[in-house]
Amino acid sequence: TAAAGRKYAPDAAAELPWKVKEFAVADFSKVNFYDYCYEYFSQGKESFIPVEQTIHLMSIIDTCRNQSDIFA
């Protein structure tokens, strides 16, 4: 989780090394998003991605946005 009150220097991005990583898409199993949506909304099955994880991710994004000068 993000540290509360953590701030970064404006020029910190210039000091960070850029990393590039490649991976094969074939290493991952295919997911049919619309099949999962159908199962969730019409058949009452469990959500493919738990709602709690979605809320947590949105909270992290909100924290990042609040600490960024870009969205000020």
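The values are calculated or read from the model by the stated rules, or taken from the named source; none is laboratory data. Predicted model, so just to flag it, every value in this text is computed and none were measured. Positions of Cβ are backbone-derived with ideal geometry, glycine not excepted, and every protein chain shown enters the neighbour counts.
Please find, within the stretch 13-48, the residue that is modelled with the lowest pLDDT out of those that are over 22 Å from the mean Cα position of the chain (by Cα) and assigned to a helix (DSSP H, G or I).
ALA14
Is the stretch 49-57 home to any residue that is part of a helix (DSSP H, G or I), polar (S, T, N, Q), at pLDDT below 95 and surrounded by 11 or more Cβ atoms within 10 Å (Cβ to Cβ)?
yes
Quick check: anything in the stretch 58-69 over 17 Å from the mean Cα position of the chain (by Cα) and modelled with pLDDT under 80?
yes
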